[in-house]
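Bear in mind that the values in this text are calculations on the coordinates, not laboratory data. What you see is a predicted model, and the numbers here were worked out from it, not measured in a lab. Methodologically, a virtual Cβ is constructed for each residue, glycine included, from the backbone with ideal geometry; neighbour enumeration extends over all protein chains shown.
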Amino acid sequence: MDNPSKIKEGDIEYSLGKFNGKCVYYDFPKILVYLNAKGKLLFGKRFKIYDQDKVILLKLCAYFIRDKENCKKYGIDIEKGILLSGPVGCGKTSMMKLLRHLVPTQRPYEMIPCRNVSFSYNHLGFKTVEQYGNAKFFCFDNLGVEPVGRFYGKDLNVMGEILLSRYELYMRTKHKIKTHATTNLNADELEDRYGNRVRSRMRELFNLIAFDKKAKDKRK
Ligand SMILES: Nc1ncnc2c1ncn2[C@@H]1O[C@H](COP(=O)(O)OP(=O)(O)OP(=O)(O)O)[C@@H](O)[C@H]1O
Ligand SMILES: [Mg+2]
């Protein structure tokens with residue numbers, strides 16, 4: 001039988017904790033060893049786990065491994081998705097790409113830049129809203145900085161419409177559909193961009209996990 005506490009990368013097997021045949025008792029330091037190695041494989045050898053990012057990682061790991069105790073402690077609702085916010089270059093996109101690998105048996109979400117969603121609308125019109133609004137698991141990357149969509153002279157706040165659709169879906173499917181996103185904007189800026197109807201639904205759709213405003217740009 002498969003042991004879900006172990007993940008193989010090439011010839012190396014990483015242990016994430018102990019498995020008693022029924023459930024995995026995850027060990028956070030072991031998870032960090034794995035994420036550090038997997039991060040290097042995905043993003044290059046400069047990748048490392050920064051001390052100042054460990055609290056964010058602990059929260060995200062608790063969410064993805066469905067650790068009820070820590071989720072409760074951090075006020076995270078397992079039913080909702082994740083909105084990961086933070087300043088430019090702090091590592092949001094990398095983190096969301098990396099964490100998919102922690103739970104290989106869970107349905108993976110597709111990372112999709114919001115700019116691409118807008119551009120898709122410019123070509124295809126409302127079909128785009130249906131495509132991203134219905135079903136599937138997505139992580140909408142860089143929410144709030146995408147251009148307004150324009151199709152045959154009609155302007156549309158495309159991501160706003162998609163979030164409204166996904167909220168309806170989330171309510172209808174009894175919370176089974178998850179939506180994740182990353183953003184540089186804070187709550188007020190998101191409300192300016194999408195209006196209070198979307199903002200209010202975003203609170204239901206997402207757990208907010210935020211990097212420190214002063215988190216440094218890892219591109220520098
Ligand atoms: N833990 C890390 N160690 C080393 N480099 C990292 C780490 N995390 C991210 N990087 C690198 O820093 C750069 C920025 O990371 P990333 O794109 O994930 O940030 P971001 O927060 O999504 O930025 P933006 O706000 O511009 O979308 C990338 O080149 C990435 O490879
Ligand atoms: Mg990014």
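For the stretch 69-92, filtering for residues that are buried (at least 17 other Cβ atoms within 10 Å of the Cβ) and within 16 Å of ligand 2 (Cβ to nearest atom) leaves 8. When the residues of the stretch 163-186 are filtered to those that are in contact with a strand residue (DSSP E or B) (Cβ under 8 Å, 6 or more places away or on another chain) and over 30 Å from R46 (Cβ atoms), the one that is farthest from ligand 1 (Cβ to nearest atom) is Y170.
Give the residue that is surrounded by the fewest Cβ atoms within 10 Å (Cβ to Cβ), with candidates limited to residues of the stretch 93-116 that are away from ligand 2 (no atom under 11 Å from the Cβ) and of a type in the set (V, I, T). Here the answer is T105. When residues in the stretch 177-209 are screened for being surrounded by 16 or more Cβ atoms within 10 Å (Cβ to Cβ) and part of a helix (DSSP H, G or I), 9 of them pass.
Report, by residue number, each residue of the stretch 117-158 that is among the hydrophobic types (A, V, I, L, M, F, W, C), under 17 Å from the mean Cα position of the chain (by Cα) and surrounded by fewer than 21 Cβ atoms within 10 Å (Cβ to Cβ). Before the answer, list the steps.
In the first step, residues of the stretch 117-158 are kept if they are among the hydrophobic types (A, V, I, L, M, F, W, C); the result is 117, 119, 124, 126, 129, 135, 137-140, 143, 145, 148, 151, 156, 158.
Pick out the ones that are also under 17 Å from the mean Cα position of the chain (by Cα) and you get 117, 135, 137-140, 143, 145.
Within the stretch 117-158, A135, F137, V145 qualify.
Taken across the stretch 29-37, residues that are without any contact (Cβ under 8 Å) to a residue 40 or more places away in the chain, among the polar types (S, T, N, Q) and in a loop (DSSP other than H, G, I, E, B) do not occur at all.
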